Amino acid sequence: MAQTPAKGRQYSLYEIEDQNYLRGMQIADANGSVTFNSILPGAYRGRWPHVHFEVFRSAQAAVSGEKALLVGQLAFEKALVSGYYAADTRYSESIPNLAVQTLSNDNVFGDSTALQLDAQMVKTTAQNASRVSFTSEIGLTGV
């Protein structure tokens, strides 16, 4: 099934060569875990630093246009991203964006309870000056 963007719109995955913004697909192991390397997301105007994810029943379901079992976003701790943003000039635009953004005024995370926010926040497991490792548990029931 071919995928195309909405009429009159550009979408990086389909039309803008060499700019597909870190999209990828991982296959879960026998324990349901995936591991991948990426960059720390910047903070753009109106949004808290986050990554998107989708969960599909199978790799074939993911590439054939089937509906995802779960679509979600994971947030990053402000203290952590602030330090990386300050240390890397490529994040210079993220610093003022993060300064005025809160989780409560984010258009996705803002509707969440404290318990939901905690579940959507990645947990830092290790870090140094140039690398940080995170973990997050995504639960599905009735699948």
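Derivation of every value follows stated rules applied to the coordinates shown; laboratory data play no part. As the structure is a computational prediction, the values presented were derived from the model and not from experiment. Glycine gets a Cβ as well: all are built from the backbone with ideal geometry, and neighbour counts include every protein chain shown.
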- prompt: Mind checking the angle between helix 78-87 and the chain's longest principal axis? C-alpha axes, 0 to 90 degrees, to the nearest 10.
  reply: 80
- line: Kirkwood-based Rg/Rh on the Cα set of the chain evaluates to 0.97
query: To the nearest 0.05, what FRET efficiency results for VAL143 and THR35 with a Förster distance of 25 Å applied to their C-beta separation?
result: 0.75
- prompt: Which of the trypsin sites (Lys or Arg not before Pro) across the stretch 39-122 are loop residues per DSSP, with 13 or fewer other Cβ within 10 Å?
  reply: ARG45, ARG57, LYS67
- prompt: Between exposed GluC sites (Glu not before Pro) in the chain, where DSSP calls loop and at most 10 other Cβ atoms lie within 10 Å, what's the longest gap?
  reply: 18-136
